[in-house]
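Following: one structure in structure tokens, then a few remarks.
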Amino acid sequence: MASARSFSEEQFQEACAELQSPWLLGWNWQVESRGLTIYRKLHRPTGLYEYKFIGTLRALPDLLVDIGMDLGYIRRQIPQVTEAYETECDGETVTYMKMEFPFFVSSRDCVYVKQRRDLDFRGRKIQVVLAKGTSLPQFPERPGFIRVRQCQVKLAVESDGHNRSKVLIYWFINPGGWIPSWLINLLVKVRPPEAGGKRA
């Protein structure tokens, strides 16, 4: 259940620390693209993969964090998202998102809570967004949809000078049931825009 304590101070501090010195023991390099290096690691309980994106982007930190909180950007990047909205519950921002697929792929929905913080970490200004799946009676399961219960996202950003940002993103989603690899690849490749501070 969501509450004002869904994320601890320690979790925000850990995100800042990892931005400074990424923890990659057990993670496998996948690819480098436009300033980001992608790593993944097997999540043994589910057989799925966790992902990390580490590097530098040509955009200001404020823009990247705004995008991390922006449902409109997600809807533009993932056309399968047919409904998404936010509401306040117990002092936190809760998001509902629905994804519909054709033919043999079951549609999904997800309820998650997210929080943004600006921190002074060892004299450095770092912005962090944390998000994770939650369960609330205000969002009952819908017939015909698989509820995504396990999802976790972490974004940590700081200025790297000259309109560039140092970035760390952690991403794990258990979609529940079978889902095609092309869709997983689409979700993994969603990334913020660069240069000029304009959104796609």
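The values are calculated or read from the model by the stated rules, or taken from the named source; none is laboratory data. Bear in mind that the values here come from a model prediction, so they are computed numbers and not experimental data. Here Cβ is always computed from backbone atoms with ideal geometry, including for glycine, and neighbour counts include all displayed protein chains. These area figures cover heavy atoms from the full protein model, side chains too; ligands, DNA and RNA do not enter into them. Shrake-Rupley method; radii C 1.70, N 1.55, O 1.52, S 1.80 Å.
For Val31 paired with Thr46, estimate the spin-label separation in nm (one decimal), with each label point 7 Å from Cα along the Cα-to-Cβ line.
2.1
I want to check the label-to-label distance for Gln138 and Glu14. Put each point 7 Å from Cα in the C-beta direction and report it in nm to one decimal.
Distance between the two pseudo-spin positions: 2.7 nm.
What is the extension gain from Asp90 to Leu24, computed as 0.36 nm multiplied by their sequence separation minus the C-alpha to C-alpha distance, in nm to one decimal?
Taking Asp90 through Leu24 to full extension adds about 20.2 nm, to one decimal.
Helix-only mean residue ellipticity at 222 nm, the chain, DSSP H runs n ≥ 4 weighted -39,500 (n - 2.57), per residue, nearest 500. What is it?
Using -39500 (n - 2.57) per qualifying helix, the result is -5000 deg cm²/dmol.
Please list, short to long, the whole-number percent of alpha-carbon pairs of the chain in consecutive 5 angstrom bins beginning at zero.
Going out from 0 Å in 5 Å bins, the chain shows 1, 7, 15, 19, 20, 18, 12, 5, 2, 0, 0 percent.
What is the local net charge at Lys52, summed over the other residues whose Cβ is closer than 10 Å to its Cβ (Lys, Arg +1; Asp, Glu -1)?
The answer is +1.
Which of the trypsin sites (Lys or Arg not before Pro) found in region 2-89 are in a DSSP loop and have at most 16 neighbouring Cβ atoms, other than their own, within 10 Å?
Arg5, Arg34, Arg58
Measure off, as a whole percent, the carbon and sulfur share of the 1.4 Å-probe accessible area of region 47-97, all protein chains present.
Carbon-and-sulfur percentage of accessible area, whole number: 50.
Hey, can you find the accessible area per residue of the chain for me, probe 1.4 Å, expressed in square angstrom?
I get 54 Å² per residue for this part.
Tabulate in residue order the Karplus-calculated ³J(HN,Hα) for region 111-124, using 6.51 cos²θ - 1.76 cosθ + 1.60 with θ = phi - 60°, rounded to whole Hz; enter x for Gly and Pro.
Couplings: 10, 9, 10, 9, 8, 10, 9, 9, 10, 9, 10, 6, x, 10 Hz.
Could you work out the per residue convex hull volume over the alpha carbons of region 58-136, in cubic angstrom?
Expressed per residue, the convex hull around the Cα atoms of region 58-136 is 126 Å³.
Taking 25 Å as R0, compute the FRET efficiency from the Cβ-Cβ separation of Gln152 and Leu60 and round it to 0.05. Show your work: numbers first, answer last.
Numbers: r = 25 Å, r/R0 = 1.02.
So, using R0 = 25 Å, E works out to roughly 0.45.
Hey, any idea what % of region 103-146's accessible area is carbon plus sulfur with a 1.4 Å probe?
53
Counting other C-beta atoms within 10 Å, and keeping those with at most 13, which DSSP coil chymotrypsin sites (Phe, Trp or Tyr not before Pro) do you find in region 13-109?
Taking region 13-109 and a limit of 13 other Cβ atoms within 10 Å, the loop chymotrypsin sites (Phe, Trp or Tyr not before Pro) found are Trp23, Phe103, Phe104.
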